[in-house]
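> Here it is, the structure in full.
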Amino acid sequence: MPKLNWPPRSPDLNPIENVWYMLKNKLNKQHPNPANLDKMFEAIVQEWHQLQEKDILALVDSMPKRIEAVIGAGSGHTC
């Protein structure tokens, strides 16, 4: 089996990084900001449950394109 020569933890190949980004954006729009750790946990869970399935599926569907981009970048990071 050929060895793949790209970063094993590349965010370019990990769709969950985009999910965290979406979640962070949603949390940053909350006003007022959560006042303590318990409120922050509640806000995270609430926003997590409001993520749209279509957005998650779009990230999964984008994987072939992401893989091609990483290969095209010589196994390096992509834009």
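> Scan the stretch 47-74 residue by residue and report those that are in a loop (DSSP other than H, G, I, E, B) and under 18 Å from GLU17 (Cβ atoms).
Looking only at the stretch 47-74, we keep the residues that are in a loop (DSSP other than H, G, I, E, B), and these are 51-52, 62, 73-74.
Those that are in a loop (DSSP other than H, G, I, E, B) and under 18 Å from GLU17 (Cβ atoms): LEU51, GLN52, SER62, ALA73.
> Being among the acidic types (Asp, Glu) and either surrounded by 14 or more Cβ atoms within 10 Å (Cβ to Cβ) or at pLDDT below 90 (or both): is that true of GLU42 here? It would help to see each step written out before you state the result.
Working: among the acidic types (Asp, Glu): yes; either surrounded by 14 or more Cβ atoms within 10 Å (Cβ to Cβ) or at pLDDT below 90 (or both): no.
No: the conditions fail for GLU42.
> Just for the stretch 1-32: of the residues that are among the aliphatic types (A, V, I, L, M) and at pLDDT below 75, which one is surrounded by the fewest Cβ atoms within 10 Å (Cβ to Cβ)?
Applying the first criterion (among the aliphatic types (A, V, I, L, M)) to the stretch 1-32 yields 1, 4, 13, 16, 19, 22-23, 27.
Right, trim to at pLDDT below 75 and you get 1, 4.
Details: MET1: 3, LEU4: 10.
Within the stretch 1-32, the match that is surrounded by the fewest Cβ atoms within 10 Å (Cβ to Cβ) is MET1.
The values are calculated or read from the model by the stated rules, or taken from the named source; none is laboratory data. Since the model is a prediction, treat every value here as computed from it, not as a measurement. Note: ideal-geometry Cβ built from the backbone for every residue, glycine included; neighbour counts use all protein chains shown.
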